[in-house]
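Asks: Attaching a single structure in C-alpha cells format; questions to follow.
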Amino acid sequence: MRIGFGYDVHRLKMGRRLVLCGVEIPCEFGLDGHSDADVAIHALMDAMLGALALGDIGAHFPDSDERWRNADSAELLKHIYALVCGQGYSLGNTDITIVLQSPRIAPYVEDMRRKLSDVLSVDVACISVKATTEEKLGFTGDGSGVASYAAVLLVT
Ligand code: MG
C-alpha cells in the first residue's frame, strides 16, 4: 500500500467556468488557471503522484506548455492514473475535501463522485467528496479562492 496527500488552491475569477471534480457548477464566477483550474482534481492528481513519489503535476503538466491551456483536468487525471496503474497500483480509496465559501457544493457531491468513478473506472464507493467552508475566514472565506485537499491510498 502507498499513501499520498495533495493540496491545491486556485483564485476565483468572474466569468470563468467553475469545474470541481469534473462537474461544471452554474455560477457567475469560476477559477483562474492555465487549465480548467479544477482544484479538486489537481489535489487528487498530486496525491496520486505523491503516493508513488513521482513528483507533482507542475512537473507533469507545466503551465508554460500551451498543450495544457484550458485543459480538461479529467483528461489529465486519466493520464496520471495510467501512470499509477502502469506501476502496478490501483486506487484503494480517496477522500477529497473542497474548501469554499460559496456556492453550496452539497447538491453536486454525488455527481462529482460518479464523474470521478467514471474517469478512473473504479467503484464509486472508493471515492469520497466533501465540502466545507472556513466560516468566512481567510482567502476561502472572503471569496478570493478555493482550496482542496485529497488523501489517496493506492493498493497493489
Ligand atoms: Mg492547480
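The values are calculated or read from the model by the stated rules, or taken from the named source; none is laboratory data. It should be emphasised that the depicted structure is a prediction, and the values quoted were computed from it without experimental measurement. Here the Cβ positions follow ideal geometry from the backbone for every residue, glycine too, while neighbour counts run over all protein chains shown. Side chains included, ligands, DNA and RNA excluded: accessible areas come from the protein's heavy atoms. Shrake-Rupley method; radii C 1.70, N 1.55, O 1.52, S 1.80 Å.
Asks: Enumerate the lysines that LYS78 could reach by cross-link, defined here as Cα to Cα under 27 Å, with residues fewer than 8 away along the same chain left out.
Replies: Excluding near neighbours in sequence, the set is LYS13, LYS115, LYS130.
Asks: Work out, step by step, the length gained on full extension between MET14 and ARG114: first 0.36 nm times the residue separation, then minus their alpha carbon distance; give nm to one decimal.
Replies: Contour length minus Cα-Cα distance gives 33.3 nm.
Asks: Sort 33-44, 98-109, 64-75 for me by packing, meaning the mean count of neighbouring Cβ atoms within 10 Å per residue, highest on top. Intermediate results must be reported in sequence, preceding the final value.
Replies: Details: 33-44: 26.3, 98-109: 17.2, 64-75: 13.9.
Ranked from most to least packed, the peptides come out as 33-44, 98-109, 64-75.
Asks: Just the number: Rg to Rh for the range 27-87, Cα atoms, Kirkwood Rh, two decimals. Write down the numbers at each step before the final one.
Replies: On the way: Rg = 11.8 Å, Rh = 12.0 Å.
For the range 27-87, the value is 0.98.
Asks: Now a separate question. Taking 35 Å as R0, compute the FRET efficiency from the Cβ-Cβ separation of GLN87 and SER128 and round it to 0.05. Don't skip to the answer; put the middle values down first.
Replies: Details: r = 23 Å, r/R0 = 0.67.
Here the calculated transfer efficiency is 0.90.
Asks: Using only Cα atoms, find the angle between the long axis of helix 39-51 and the longest principal axis of the chain, and express it within 0 to 90 degrees, rounded to the nearest 10.
Replies: 30 degrees
Asks: Once neighbouring chains are kept in place and the probe is 1.4 Å, which whole percent of the accessible area of the range 26-156 is contributed by carbon and sulfur?
Replies: Carbon with sulfur: 50 percent of the solvent-accessible area.
Asks: Find the accessible area per residue for the range 12-156; the probe is 1.4 Å, ligands and nucleic acids are left out, and the unit is Å².
Replies: Using a 1.4 Å probe on heavy atoms only, each residue of the range 12-156 averages 46 Å².
Asks: Would you calculate the convex hull of the Cα atoms in the chain and tell me its volume per residue in Å³?
Replies: Cα-based convex hull of the chain, divided per residue, equals 99 Å³.
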